[in-house]
1. Scan segment 185-199 residue by residue and report those that are open to solvent by 100 Å² or more (accessible area, probe 1.4 Å) and either small (Gly, Ala, Ser) or closer than 15 Å to Met163 by Cα (or both).
2. Just give me the residues in segment 65-87 being modelled with pLDDT under 95 and among the hydroxyl-bearing types (Ser, Thr, Tyr), in sequence order.
3. So Asp122 fits all but one of (1) under 16 Å from Glu199 (Cβ atoms); (2) of a type in the set (Asp, Glu); (3) crowded, with 16+ Cβ neighbours inside 10 Å; what number is the exception?
4. Picking from Asp100, Asp110, Asp115, which residue would you name as being under 27 Å from Leu174 (Cα atoms), open to solvent by 50 Å² or more (accessible area, probe 1.4 Å) and touching a Leu at 6+ places or on another chain (Cβ under 6 Å)?
5. Return the pairs, sorted by first residue and then second, in which the second residue is open to solvent by 20 Å² or more (accessible area, probe 1.4 Å) and aliphatic (A, V, I, L, M), the first residue lies in segment 60-88 and is under 16 Å from Asp49 (Cβ atoms), the beta carbons are less than 9 Å apart, and the residues are 6+ apart or on different chains.
6. For Gly57, are the conditions met, namely being in a loop (DSSP other than H, G, I, E, B), modelled with pLDDT of 95 or more, more than 29 Å from Pro131 (Cβ to Cβ) and open to solvent by 20 Å² or more (accessible area, probe 1.4 Å)?
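The values are calculated or read from the model by the stated rules, or taken from the named source; none is laboratory data. Everything numeric here is computed off the predicted structure, so don't read it as measured data. We place every Cβ from the backbone using ideal geometry, glycine too, and count neighbours over all the protein chains shown. Side chains included, ligands, DNA and RNA excluded: accessible areas come from the protein's heavy atoms. Shrake-Rupley method; radii C 1.70, N 1.55, O 1.52, S 1.80 Å.
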Amino acid sequence: MKKLRHLILSTAAIASACCCAHSQTTAAGMLCRTPSPGMFLVDSLTCLDMLDYYRSGSDRPSASIIGGKARVTGETPMKLSLRLGESSDYTIALLPASADTVVAVIETLDLTVPDSNIRFYDMDWKPVSKPEKIFKEPELKQWLTAEGAANRTQVEEKLPFMMWTADYEPETGLLTLTNTMDRYFHDDDREMLKPLLKEQITFVWNGKSFAPAKQ
């Protein structure tokens, strides 16, 4: 009986410690314990070097596992920003949730037309099973202004797809998507579409998902 009690208490202590570790994990901590260096192209030791450089005020880059440059460009407990190579930016953001914290990774390719994508993980870096329940990429109708909605056919004739960049602010819970299609079109089409498309769409984290913010 004593052995069983000891086992139960030990198991509870381990579970409690794991929960505490998760609750105290920062965005920087998540970077340093990624399951594979290939995820952000840096190993755990390089991660520590990058953080040391940033925290000391140095913009000195570290070497990624493929030989490119890697450095931290911003840090708060709930958000970490990275620059990898010459054209890839990453944000690791922790989203407080009722069950467990959700980890959002925003990848932005800063090419001719900057474009972002967002992936979601649990605290063990396992992809969430239904990411569309957390965030669903906005449809064209959500990007249209009132004038754009009245001229949707004209917009659809010119617009092959939507590209946008994403930024998340932990302090407000706001996820802001910024339209980058002005970099895609030539001057005439750009000016024609400008009043028809919103410059930004904003979502707010509600503890379960990103819901459209009231405008």
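1. Selection gives Lys194, Glu199.
2. Scanning segment 65-87 gives a single hit, Ser87.
3. Unmet condition: (1).
4. Values: Asp100 fails: touching a Leu at 6+ places or on another chain (Cβ under 6 Å); Asp110 fails: touching a Leu at 6+ places or on another chain (Cβ under 6 Å).
Exactly one residue qualifies, and that residue is Asp115.
5. These pairs meet every condition: Ser64/Leu41; Ile65/Leu41; Gly68/Leu41; Lys69/Ala63; Ala70/Leu41; Ala70/Ala63; Leu84/Leu41.
6. Details: in a loop (DSSP other than H, G, I, E, B): yes; modelled with pLDDT of 95 or more: yes; more than 29 Å from Pro131 (Cβ to Cβ): yes; open to solvent by 20 Å² or more (accessible area, probe 1.4 Å): yes.
Here the answer is yes, as Gly57 does meet what is asked.
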